[in-house]
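Visitor: Supplied in structure tokens, the structure appears directly below.
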Amino acid sequence: WSDAPRLVPPHPAPPAVPPGSTGPLASPTYFWGTYRPHVYFGMKTRSPRAVVTGLMWLQHGSNLRHTNEQNNGVSRYGWLMHDGENFGVQEIRDQGLLLRTEFVKQPGGDHGGDWSWRVTVKMEGKGPPPLLSLFFYVATDGQGTLRPVLENGTRLAAVAGTAEELGDFTLTFLPPTREGGEGPKYASYNFLAAGVPGLHRLTDLVRHSLRESSVFSPPGRPRRRFFGVSSTGGLPGEPPRGQLLLHQVTLEPPAVLEVTLESASAVGVRQGRLAGPALSAALARHAAAFEQRFEDTFGLGARGVSLPQRRFAQAALSEMLGGIGFFHGRSLLRSEHQEEPVPGAESTLFTAVPSRSCFPRGFLWDEGFHLLLLSRWDPALARDILAHWLDLLNADGWIPREQILGDEARARVPPEFVLQHSETANPPTLLLALERMLPDAPLPYLRRLFPRLRAWFEWLNRTQAGPEPFTFRWRGRDSDPERFLNPKTLSSGLDDYPRASHPSAEERHLDLRCWMALGARVLAVLAEHLGESSAPYRSMAAALSDNDLLDRLHWAPELGTFADFGNHSTSVALRWHRPAPVPGRTPPAPQLRREVRVAPRPQFVGALGYVSLFPLLLQLLRADSPRLPALLDSMDNSSHLWSPFGLRSLARDSPLYLQDNTNLDPPYWRGSVWVNINFLALRALHGYAQAAGPHRERAAELYRGLRHHLVTNVFRQYEYTGFLWEHYSDTDGAGQGCHPFAGWSALVVLAMAEDY
């Protein structure tokens, strides 16, 4: 009971992000950005209740587009160039319509400067163009005011606004022009002013306001009716929390539309409005600078990488940068010491997201992988993101593994995943990224991080301890094991990867032990770097890296590999079960329940796959380890982990290979190829190939083959589908799961550059 009050309060250490350091004066470069990854195109500031801007569109006869969705008919979308700071170019293909969205920021003044958008629309096929409406909007979320500036009573020419961190600003909607900016383009205009019950309701509010009462009347052409917005007063029964002003432009493609935001404080330094030819010139300059910076950073051209593959790599990095978001709100938390959930502390988070469509929010273990790439492109940006994550620490040293902050984020999450449980950990991949960032990070920055990293690591060491010294166990496995073929371990990040069939306190989890070894090693180096005592971390790292102790706890002679240990049955299956009928009631539906054919016993878990490789993946095995050949053999064996598309997550001859976990729970980490673990494998093989030892040539050969297969397939699938994918089929290489998934799948860029 005494631990329950520690669930909500933030950790007492000084913040990793200094107060005021993210505002427009202290950090103008990152103040404005495309920090709304869940929408196709939109911008906001790094402010808790920011003014937001965005784009919707409607091909009349189709559906309103606004938020990124899977399988909604939008065949391709993604950033082709994005520097994470001042500039981006995105293409969207929607049922024959090609939209190109571009933005450029211009520094100046005390409130983050100006920016300009250009949206180019055209049809890819032949035939009469459809009627297209573009909706440009600006909305507030509890603070700030907006005033419409109307032209001819119907066209919203501009919005005059003011907000806490923005000061006074003007958002101007320029009239559309023909393709190439040559002359005016006929359009019809509609305007909407409404109260907003919350930013998560913007799409519904606009859809509710549409009426088929507007008329498109081009000179000398037939009149056509279309759906136009009309003021409705908001959504019935939902009191407004902010304002929405929306400018609807209806036209026939092709056309070019531009929007400018000008800060009042930049008047004295502004050289002129960034529109038309000036915007074209700025876009061209930024595009050239992006390409040069990309080559200077990754050197793909110098390596002889083809132009299509270089364009692909640029898009992979850009989609990650364009997927960075700024979130504000409270998590919903539950402690093992109290039954009722409680809202967490008010928090902000600056983070990349795994997927703009499926997972437009922060994920703890994903972020460590993201930072491996981001730290190469923009070390200052990566340091800022890492610091934001560490400021989420509660008084106990816990960081919730999913960050669902604010109404917009929560609206995209199934209810069963909203609640965060205080005993549930996640792999400390932030330390994997910090190890890479540490040599060049400023000392004051590292000093701010150290108390929080120490508290987080101590929390992991204390709460995830195993049944005997130097063993560890993931908490939070599925609590109803009879529902699942093998109860999931979401905390591990590997979700349905097979573990002991019967969860118990006697389990020893190999991957977690390896993560803790990495963490102890990184904290020891950091402590020494700062002149702090490193002895506890050095001794722990030595013990967890001791190959003999690792053998005793996790080497399974009968399996010929490393493995988890627990109460496990090798004979389980899912069977339909019909519950006993209750007299007078409708017969209950049959249920799929687990059948245990052989009683479980304490033993090593036979599930050759990613978990088995962790002593190699995190390079804990000595270069001359007698266990290394067995792991290299399993990686090189097509009946085990080798595939023409990368290492599969579970051996093909495993009993649970590609097996459903329930009738509604298809296989996830049970055979598919995942880029993040393949990247760790490449990184490790590259290291073993360079280390003196008897296995260096074998490691080098495996490295070359794996790198070729992985890069070739991820590029091929991108060319075919237009997306990076969450994971890939081990049988035909096809992209699977969520798309676009430019989180850890974008690590393919580092593999192409051989930058580990």
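Visitor: Give LYS126/LYS185; LYS44/LYS105; LYS44/LYS122 a once-over and call out the pairs whose C-alpha atoms are over 23 Å from each other.
Guide: Result: LYS44/LYS122 exceed 23 Å.
Visitor: To test your reading of the geometry: what angle, between 0 and 90 degrees and rounded to tens, separates the Cα axis of helix 277-298 from the longest principal axis of the chain?
Guide: With both axes taken from Cα atoms, the answer is about 10 degrees.
Visitor: Using Cα pairs closer than 8 Å and at least 6 residues apart in sequence, work out the relative contact order for the chain, in percent. List each step's numbers first, then the result.
Guide: Values: 1647 pairs, mean separation 85.3, N = 756.
Worked out over the chain, it gives 11 percent.
Visitor: Could you point to the label whose value was computed as Rg/Rh (Cα atoms, Kirkwood Rh) for the structure here, given (1) 0.98; (2) 1.23; (3) 1.06?
Guide: Structure-derived value, by its label: (1).
Visitor: For a label point 7 angstrom out from the Cα of SER217 toward its Cβ, which stretches of the stretch 180-206 have the backbone nitrogen within less than 15 Å?
Guide: 187-190
Visitor: Using a probe radius of 1.4 Å on heavy atoms only, what accessible surface per residue do you get for the chain? Whole Å² is fine.
Guide: I get 37 Å² per residue for this part.
Visitor: Amide H to amide H, which residues 5 or more places from GLU423 or on other chains are under 5 Å from it, using H placed in the peptide plane?
Guide: Answer set, sorted by chain and number: GLU336.
Visitor: Let me ask something else about it. By average Cβ neighbour count within 10 Å, what is the ranking of 465-475, 382-392, 190-200 from highest down?
Guide: 382-392, 190-200, 465-475
Visitor: On the accessible surface of the chain, probed at 1.4 Å, how many percent belong to carbon and sulfur atoms?
Guide: On the chain, the fraction of accessible area on carbon and sulfur atoms equals 52 percent.
Visitor: How high is the relative contact order of the stretch 609-743, in percent, counting Cα pairs under 8 Å that sit 6 or more residues apart?
Guide: Over the stretch 609-743, the number comes to 23 percent.
Visitor: What angle, in degrees between 0 and 90 and rounded to the nearest 10, separates the Cα long axis of helix 510-530 from the longest principal axis of the Cα atoms of the chain?
Guide: 70 degrees
Visitor: Continuing with the same structure: Taking the mean number of other Cβ atoms within 10 Å as a proxy for protection, how do you rank 632-640, 133-141 from highest to lowest? Provide the component values of the computation, followed by the final result.
Guide: Numbers: 632-640: 16.4, 133-141: 23.3.
Order by mean packing, descending: 133-141, 632-640.
Visitor: Quick check on the chain: helices-only [θ] at 222 nm, where DSSP H runs of length 4 and up contribute -39,500 (n - 2.57) each and the sum goes over total residues. Nearest 500, please.
Guide: Rounded to the nearest 500, the figure is -8500 deg cm²/dmol.
Visitor: Have a look at the DSSP beta bridges in the chain and tell me what percent are antiparallel, nearest 5.
Guide: Approximately 95 percent, going by the DSSP bridge assignments.
Visitor: At a 10 angstrom cut-off on C-beta neighbours, averaged per residue, how do the peptides 402-409, 212-219 rank from highest to lowest?
Guide: Values: 402-409: 22.4, 212-219: 12.6.
So the peptides 402-409, 212-219, ranked by packing, come out 402-409, 212-219.
Visitor: So what is the relative contact order of the stretch 31-307, in percent, for Cα pairs below 8 Å that sit 6 or more residues apart? Each step should come with its number before you reach the end.
Guide: Values: 604 pairs, mean separation 56.1, N = 277.
Result for the stretch 31-307 is 20 percent.
The values are calculated or read from the model by the stated rules, or taken from the named source; none is laboratory data. Here the structure is a predicted model, which is why all the values come from computation and not from measurement. Neighbour counts are summed over all protein chains in view; Cβ atoms, including those assigned to glycine, are modelled from backbone coordinates with ideal geometry. Heads up: the accessible areas ignore ligands, DNA and RNA and are worked out on the full protein's heavy atoms, side chains in. Shrake-Rupley method; radii C 1.70, N 1.55, O 1.52, S 1.80 Å.
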